[in-house]
Protein chains: 2
Amino acid sequence: MRIALAQLNYHVGNFPKNSERIISSIERAKAENADLVIFSELSVCGYYPNDMLERLEFITEALEAIDRIAAHCNGIAAVVGGPSFNPSPKGKMLYNSAFFLQDGKIRSIHHKTLLPTYDVFDEYRHFESNKDFTLVEYKGQKLAITICEDLWFNQKVMNAFGRENLYETSPMEEYCRQNPDLVINLSASPFSYHQEKLRKDILLEDAKKYRVPIIYVNQVGAQTELIFDGGSLMVDHHGKVVKELAYFREDFAIVDTLDQQLCELQPLTETNEKIYQALVLGISDYFRKSGFQKATLGLSGGIDSALTLVLAVSALGSENVKVLLMPSQYSSDHSVNDAVALAECLGVAYETVSIHGIAESFDEALAPLFHGLSHDLTEENIQARIRGSLLMAFTNKFGYILLNTSNKSEAAVGYGTLYGDMNGGLSVLGDLYKTEVYSLSQYINRNKEIIPLNTILKPPSAELRPGQKDSDSLPEYELLDAILYEYIDQARSVQDLIDSGFDEAVVRKVVSLVNRNEYKRFQAPPTLRVSSKAFGFGRKMPIVARYPL
Amino acid sequence: MRIALAQLNYHVGNFPKNSERIISSIERAKAENADLVIFSELSVCGYYPNDMLERLEFITEALEAIDRIAAHCNGIAAVVGGPSFNPSPKGKMLYNSAFFLQDGKIRSIHHKTLLPTYDVFDEYRHFESNKDFTLVEYKGQKLAITICEDLWFNQKVMNAFGRENLYETSPMEEYCRQNPDLVINLSASPFSYHQEKLRKDILLEDAKKYRVPIIYVNQVGAQTELIFDGGSLMVDHHGKVVKELAYFREDFAIVDTLDQQLCELQPLTETNEKIYQALVLGISDYFRKSGFQKATLGLSGGIDSALTLVLAVSALGSENVKVLLMPSQYSSDHSVNDAVALAECLGVAYETVSIHGIAESFDEALAPLFHGLSHDLTEENIQARIRGSLLMAFTNKFGYILLNTSNKSEAAVGYGTLYGDMNGGLSVLGDLYKTEVYSLSQYINRNKEIIPLNTILKPPSAELRPGQKDSDSLPEYELLDAILYEYIDQARSVQDLIDSGFDEAVVRKVVSLVNRNEYKRFQAPPTLRVSSKAFGFGRKMPIVARYPL
């Protein structure tokens, strides 16, 4: 049987565009004599529509689109993802389904069993779990149709508790007991820098354990925070890769289930290269899918804004990016020079706006309220808010989107000004710790100096008062990031961190900062996710609470 | 059997304080010769701790607190809510449990069956569902111990689809088949202005249907956005109310299951009074539980800031509130006068800061970028951002919290400036449509004029340009709010609204504004929830998407 893997980039809710893409892949598969073409999870509506799934008109549009697509399935079959109604009057009203389309109509519907509801996943909010494990017979072959998490029964649960299985039912067990010839998996598996290996391990182990080939089709492209990396696969029943599709772009391939030549497993891409590609895709899809072209940001001469600019230029082209330099009396000359050097190196237009006069007018206006009080964090925040307001004025006047340049270390400890440097439509680096920002910057510079060396080498500073350095109020980033990673990404306890050798006072200070700043992160922009634990909707913490320390 | 209902206000994660409160209620119940005392859902940790439940140290602290509480249960039994470990290696690692404490130790643990995972509820994210329906025998009585949603099997599912039941198993059915003498229900049922009636209806019907008395103990107090209203109940097996506890405050009562005299069902409180009490509790718990005393806001002379101020003063006392008046050249004299009149009427300190000079300095700084372009929305936003920055400067300098004054109509259509008037630690009115703001303001004034009549009567205006009125760019609020309510709260489709008589062009404009402004609401402050569909984590919409229109 000749099977096409169609790895496409969908736009959530855009039924006309998504259907058009799906139909053109069906036509291509027909032209190339495929018997069957497979799409990814919820392909007709894009993953993840969230509470749009609670709107009747959304489901109606999805089902109409499926019907339109089915009409093209003559002489070929297709498996397309979409929501379907639960016919039982009990339970959630929808299933997360795979529609098997043949002879111009829906032949059967297969539902997802394991509904991830943790981290960034929210599927039990909308879907009922499948209990029917019927195989499909097609061209003399028995096919098991599964959806994403259905293959992840044996995942190691990544948290402090160390469980065996997150679910009670193993869909692979249920299906494979009926000896399918092939397992098909429609996925929407978001990128994180560990995910590629994890995912391959799971697929290879499943194929080997059940001695069944698996075809896995993932979506590609970014949906606000989540970046899907593609990398669709066919694995044979020995657990060897037969076909691997591209990462971070659309792809299409045909495999023959009878004639399987092993392909070389592509070597895992270097982490920095993966993160680079993911962030560039994240930015470009954010803009393309929301109908914007042009980005701005405040270029300070520091490393965060420098790296953000490089990524923005890769994603949007230098002609679509324009930056503001907003020095104050506390900005060093080299900062301005570094910023200018980078803008010129990248061919990016820039404007310089001094914040001095505005800061003075704030001082004047507030003088009657603040009389006799010395300058403190208040005035530092005012500077950040003036810059934030200037950038927003620029976006308002000319239709740009402001990119936020905060990193994960700053977001973690609240080292940033709400309504100031925390402004932006999208946080590009908000899931990279400062040490990872350095690492990615060095990677950018691996062949030639793009980010000025001085920007990378000088001690990090917010430059909001004379001679200020980040290390005045925070531990050095090597130490800070190590503690943050263990506490946030690994969910290790304070006591556990102290026991493993971190200084108690430093740990308590850092953890207290993390917990106290939930209120700031609550109002932060959406953040491109590249790790397995990003701030945002994958980490839901109460604001008004006492945190154990 | 004498049973005490302990309706307490918990602080999420504050095990020492919560245990202390629970223990003192146990001692009081003992002193009053009760046999059993009942607390609310997750009482030991407060509802809802969210992803703090993923931290091992949090669960450990909860279990230690339960043990400490159990030590006080001699000569009395208690039912306390808290998380417990799932002993099976499969499934989620926790249960949402009720601990039956007797003879100084945990006698049995009973788990929640129905895990609400919709709107503001996220319980399947953390908990496995119960499958064991064993009754407890105590003092010759058979008790069924249930948790909140367990009684809500027969709820009408509030959405566009119209389902019969949201769940497959009915815990009441399972328990009542064993003929319990009493059903106990530990709850954390958040307030919305329809909830009190809904909840009573559910309880009365359940009691009548299964001919069993029900004791329902709810928590009281606000947890950031969610406000719990108490109103714990005992209903007899005829479905008649035997005892009803206070709303919006802690309460304690003892009922005798053998000697049941019917109590008068308190008349349902008037909606405005309920909303008033809910918002005052919401503000005061936000401050108390996060350790702050003092609030500020920008008082414009308009109705939203006026109402917010009245509520803040009720919650915190006039001595803890100080407001800023920040007129511009577009502010009318009567606005300033109305603001001053209200501040003086409430005995609230105020300061006036002109934004004119700052606005000029922004104009000057931006002149080289904006040369030749006329003033537009950009400059209106700058005014709002100057005010937002001044308010934040005031909070930074003196340790205040800024209260946000936006209403739900504005939040819905994006009629507000991000990083400007959308600033604040807590949105007080963000779940009240503008027409509801008027209604509550008139209620405030029912006995005497507190909010200046002029503030209520004049046409709403942002006063960001000469002679501006909200109705220049929006439909009149009566119409706007009607459309918003149907589209957002009732999830009705555009076509459905048009079919029911709304003007098509107006509906399409309003709905398009709602959808286009997800990005703004994403960065809005947490909002006190009073309706059954508030913006925030109870309504999760993608930002980058095409919405069906």
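Values in this text are rule-based calculations from the coordinates and carry no lab data. This is a predicted model, so every value here is computed, not measured. All Cβ positions, even for glycine, are placed from backbone atoms using ideal geometry, and neighbour counts span all protein chains on display.
In whole angstrom, note down how far apart the Cα centers of segment A:122-140 and segment A:470-549 are.
The distance from the Cα centre of segment A:122-140 to that of segment A:470-549 comes to 39 Å.
Rounded to the nearest 500 deg cm²/dmol, what is the calculated helix-only ellipticity per residue at 222 nm for the protein assembly as shown, with -39500 (n - 2.57) per DSSP H run of length n ≥ 4?
-11000 deg cm²/dmol
Please compute, for the alpha-carbon atoms of chain B, the extent along each of the three principal axes and give them in descending order in Å.
Projected onto its principal axes, the Cα set of chain B covers 85, 52, 49 Å.
Would you mind listing the distances between the B:Q495 label point and the same position in each other copy? Use 7 Å along Cα-to-C-beta, nm, one decimal, shortest first.
The projected label point of B:Q495 is separated from its counterparts by 5.9 nm.
Is there a simple number for the mean count of other chain Cβ atoms within 10 Å of the Cβ of residues in A:56-64, and what is it?
Whole-number average of other-chain Cβ neighbours for A:56-64 is 4.
Tell me the Rg and the Dmax, in Å, that the Cα atoms of segment A:323-374 produce.
Reported Rg and Dmax, both Å: 15.3, 47.
Once phi is turned into ³J(HN,Hα) by the Karplus curve 6.51 cos²θ - 1.76 cosθ + 1.60 with θ = phi - 60°, what whole-Hz value does each residue of segment A:77-90 show in order, with x for glycine and proline?
Running phi through 6.51 cos²θ - 1.76 cosθ + 1.60 with θ = phi - 60° gives 10, 9, 10, 10, x, x, x, 9, 6, 7, x, 6, x, 10 Hz.
Would you mind listing the distances between the B:S374 label point and the same position in each other copy? Use 7 Å along Cα-to-C-beta, nm, one decimal, shortest first.
Copy-to-copy label distances at B:S374, shortest first: 5.1 nm.
Which FRET efficiency value, to the nearest 0.05, is calculated for B:E476 and A:Q490 with the Förster distance at 60 angstrom and r the Cβ-Cβ distance?
Given R0 = 60 Å and the Cβ-Cβ separation, E is 0.65.
Across every pair of different alpha-carbon atoms, what Kirkwood hydrodynamic radius in Å does segment A:2-263 reach?
In segment A:2-263 this quantity evaluates to 18.1 Å.
Say each of A:K142 and A:E364 gets a label point 7 Å from the Cα, pointing the same way as Cα to Cβ; how far apart are those two points in nm?
8.4
How many partner chain Cβ atoms sit within 10 Å of a residue's Cβ in peptide B:394-400, on average, as a whole number?
Across the residues of B:394-400, the mean count of other-chain Cβ atoms within 10 Å is 4.
Enter the Cα centre distance for the pair segment B:317-342 and segment A:46-121, rounded to the nearest angstrom.
54
Taking the label point 7 Å from Cα in the Cβ direction, how far apart in nm is B:H356 from each other copy of itself, listed shortest first?
Computed spacing set for this position: 2.6 nm.
Taking 8 Å as the Cα distance limit and 6 or more residues as the minimum spacing, I'd like the relative contact order of segment B:2-269 as a percentage.
Result for segment B:2-269 is 18 percent.
Which residues' amide hydrogens lie under 5 Å from the amide hydrogen of A:T527, considering only partners 5 or more residues apart or on another chain, with H built in the peptide plane?
Those lying under 5 Å, H to H, from A:T527 are A:S427.
Among DSSP bridges having both ends in the protein assembly as shown, what percentage is antiparallel? Round to the nearest 5.
55
Would you mind checking B:K434/B:K469; A:K540/B:K540; B:K197/B:K243; A:K540/B:K274; A:K139/A:K209 for any pair whose Cα atoms are more than 19 angstrom apart?
Beyond 19 Å between Cα atoms: A:K540/B:K274; A:K139/A:K209.
Residues of B:491-502, mean number of Cβ from any other protein chain within 10 Å of their own Cβ, rounded to a whole number?
Partner Cβ neighbours, averaged per residue: 2.
If a/c stays under 1.5 just call it rounded; otherwise compare a/b with b/c (prolate if a/b is bigger, oblate if not). Do that for segment A:48-171, with a ≥ b ≥ c from the square roots of the Cα gyration tensor eigenvalues.
oblate
Mind listing which trypsin sites (Lys or Arg not before Pro) in segment A:368-430 are in a DSSP loop and have 10 or fewer other Cβ atoms within 10 Å?
Taking segment A:368-430 and a limit of 10 other Cβ atoms within 10 Å, no loop trypsin sites (Lys or Arg not before Pro) are found.
Percent relative contact order of segment B:1-137, based on C-alpha pairs within less than 8 angstrom and at least six residues apart?
It comes to 20 percent, rounded to a whole number.
Return the Cα extents of segment B:274-466 along principal axes one, two and three, sorted largest first, each rounded to a whole Å.
53, 36, 31
Would you pull out the residues with amide H under 5 Å of B:Y118's amide H, same chain only if 5 or more places away, H placed 1.01 Å from N?
B:E123
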